[in-house]
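Below you'll find the structure, written out as structure tokens, and then a few comments.
None of the figures in this text is laboratory data; all of them are computed from the coordinates on show. Just so it is clear, the model here is predicted, and its values are computed rather than measured. Cβ placement follows ideal geometry from the backbone for every residue including glycine, while neighbour counts extend to all protein chains displayed.
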Amino acid sequence: MSGTQSHGIHYTTLPQDSDFFGYLDAAFMNVEDSKSTLGYVFLAGNGAITWCSKRQTIQAQSSMEAEYVALSEAAREACWLQNLYLELGLLQEKNPTLI
């Protein structure tokens, strides 16, 4: 960690109608166990608010299937974030969430 002490995530103040959005990707089939890797990140206020990187639990048969599994995981997280925003009283202008 000593090489990254000067790095960090800088957040701006969220306006009342601040939207969050996400990015995702999947890497098809690892050589070691034939499982794909997925990753996603959701951003708001110019900073990451949630992220994930993990191996998929299934063995995808194609890169397209690996992408669909990653999209499913990211969509689940987007639904959770929408509910959190609702509970916090923040408005999400763009619905559905942009991924």
Item to check | Local electrostatic count at C52 - Lys and Arg +1, Asp and Glu -1, tallied over other residues with Cβ under 14 Å | outcome: 0
Item to check | Computed [θ] at 222 nm, helices only, for the chain once each DSSP H run of length n ≥ 4 contributes -39500 (n - 2.57) | outcome: -9500 deg cm²/dmol
Item to check | Convex hull projection area averaged over all views, the range 4-69, Cα basis, nm² | outcome: 6.3
Item to check | the range 30-47 versus the range 80-99: alpha-carbon centroid distance in Å | outcome: 21
Checklist outcome for this item: Checking rank on 88-99, 19-30, with mean other Cβ inside 10 Å and highest first, the result is 19-30, 88-99
Checklist entry - For helix 63-88, what angle does its Cα long axis make with the longest principal axis of the chain, in degrees from 0 to 90 and rounded to 10? => result 20
Item to check | Relative contact order %, the chain, counting alpha carbon pairs below 8 Å whose residues are six or more apart | outcome: 31
